[in-house]
Amino acid sequence: MSTRRPRIQLAAVALAGVLASALLLPWALPLGWDELVYATRFSPYSNGLDVDFSAPRTRGVPLLIAPVALWSDSVVLLRLWLMLLWAVALYLGFLPWLRAALRPRAVVLAAACYTSVWSVLFYAGHAMPNHYTAMGAVAAAGSLVRRPVSYPGLVLGLATATLMRPNDGVWVALPLCAAALLWRRRRAALAVAGGVAAGLAPWVVEAELRFGGLGARLDAAGEIQGGLRPVFSVPAHVSALDGRLLCRPCDGDSPSPPGVMIWLLLIPLAVIGGWLAKRAGPGPVDAGPRRAMALVLATAACSAAPYFFLVPYAAPRFLFPAYALLALPAALGLLAVREAVRGSRTRTALAAGVLAAHLTGQFLLVDRHGGIQAGARGDWERVARVLRAQGLEAPCTIGGNAMLQPVAYTSGCVPKKTGIPDALVLVHRAPPRWARDWERHPVPDTYNTGWSVLVRPGPKRP
């Protein structure tokens, strides 16, 4: 069967996702804190700030942004580059399924379903690893069930997923390796192991060089993440369905209907698609339709399980691999729903209304969070202006209780955790006893209220 037309349609979905993200989000959105950690690996972004590259982080995102970050500090240029990479990754991630899914148009629809999630669109131009982990997982699963098995696809998909987020790559690899062994495909099992090993290698080498060994790095990473332990974080993920971007903790948060609709549509459609796969007729899936969908569901479950039951906080982006994998059976379920409502104007109108409500809600959430982040990140520059107005210039030190690292980066100062800094940046916090006589300057026109700058008597001034 020719896949030329589905390939074009898949590319069109990727392009549509980029255009939607570009239209809904500000191109010059300042880099978030996680993005700054990755970008400051390169001199154009370093700004004299020595940011600690902590134990959980990997070199995957710096590798993605290197072609731009090595020579330019333009945020707009970096975001445009990342949007291009996002679209290419989406295309390559779902591409193997055009020779593995029951119906090629279901692959295109699955890519569209995944792209319709607000958080996926929000992070399209961000220097974050989760989308690339998701596309690596989808590509690896498709490479295993296509005919013939694509060993390069398995290796590259899992290497990408593991390079971006080692824990995600390992969890995704478990059901893939088990399936390869169960289906007596030893070469495929070796490819799975090889892909994970290739992705883990830089992280393991760095563990030996910087952290005193793999065990020490794992301990440090677990401590930074709040201690990995048996927990039940599903309620936190439900609360984070419409944001916050990092729900740590999620006390008092409750999701809006547009956020909840993601699960209310995705999960039932995925169940319908998985159940109907065995009745879809013959297809080019070597292991059979049931095996392919069973593998997808098992891999999605394994990718989400650690975040539901081991990590004591939530973020919408953590579930990108599960969303991308579940989109495949969900697309089959959506096609089945379309067949069921065909011929009935009432049912067709109802289905179209539900779909329109979903898309409208997701686009509104993207727009809302883009505005929130633009306003909140703009506060860092407003604080920096107050610091500069008080004569603080590099080298200077700041302390405080609010987004200290991004403010330090924006102002050119250095965060100081111990000792007495040149200035304190506080939000809704009284100064410590030793700084009560410092000159206090409210920060005007902030998005979040309560910012103030306290300047030590006699700091360095021009």
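Bear in mind that the values in this text are calculations on the coordinates, not laboratory data. Everything quoted here is computed from the prediction, not taken from an experiment. So basically every Cβ, Gly included, is an ideal-geometry build from the backbone, and we count neighbours across all protein chains shown.
Summary table below
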read-out	value
Semi-axis lengths (Å, descending) of the ellipsoid that matches the C-alpha gyration tensor of region 185-278	34, 26, 10
Rounded to 5, the percent of DSSP beta bridges in region 377-455 classed as antiparallel	65 percent
Cα-Cα separations in region 307-435 greater than 19 Å, expressed as whole percent	69 percent
Relative contact order computed over the chain (Cα-Cα under 8 Å; 6+ residues apart), in percent	16 percent
Packing-based order for 104-111, 421-428, using average beta carbon neighbours within 10 Å, highest first	104-111, 421-428
Lys, Arg +1 and Asp, Glu -1 on Cβ, resulting dipole of the chain about Cα centre, debye, nearest 20	1560 debye
Signed unit charges on C-beta, dipole axis of the chain, positive-most listed residue S411, A14, V238	A14
Viscosity 1.306 mPa s, temperature 10 °C, Stokes-Einstein D of region 377-455 from Kirkwood C-alpha radius, µm²/s	131 µm²/s
Ordering of 32-39, 116-123 by burial proxy (mean other Cβ atoms within 10 Å per residue, highest first)	116-123, 32-39
Calculated FRET value between K417 and V234, using beta carbons and R₀ = 22 Å, to 0.05	0.05
Cβ-placed point charges (K, R +1; D, E -1), dipole of region 377-455 about Cα centre in debye, nearest 20	220 debye
Percent antiparallel among DSSP beta bridges (both partners in the chain, rounded to 5)	60 percent
The chain: DSSP helices with Cα axial extent of at least 18 Å and average Kyte-Doolittle hydropathy no lower than 1.0	4-24, 75-94, 151-164, 166-182, 257-276, 320-341
Burial ordering of T360, T162, fewest other beta-carbon atoms within 10 Å first	T360, T162
Largest to smallest principal axis extent of the C-alpha atoms in region 17-70, angstrom	34, 22, 20
Mean Cβ neighbour count within 10 Å, used as a protection proxy, ranking 40-46, 137-143 highest first	137-143, 40-46
Value at 222 nm in deg cm²/dmol, rounded to 500, when DSSP H runs of n ≥ 4 in the chain each add -39,500 (n - 2.57)	-20500 deg cm²/dmol
Rounded FRET efficiency, nearest 0.05, which uses the C-beta distance separating R7 from S46 and R0 of 60 Å	0.90
Calculated FRET value between T348 and W434, using beta carbons and R₀ = 51 Å, to 0.05	0.15
In nm, spacing of pseudo-spin labels at L364 and A394 (7 Å Cα→C-beta vector)	4.4 nm
Linear extension gain, A305 paired with L181, 0.36 nm per residue minus alpha-carbon span	42.4 nm
Viscosity 1.002 mPa s, temperature 20 °C, Stokes-Einstein D of region 103-243 from Kirkwood C-alpha radius, µm²/s	127 µm²/s
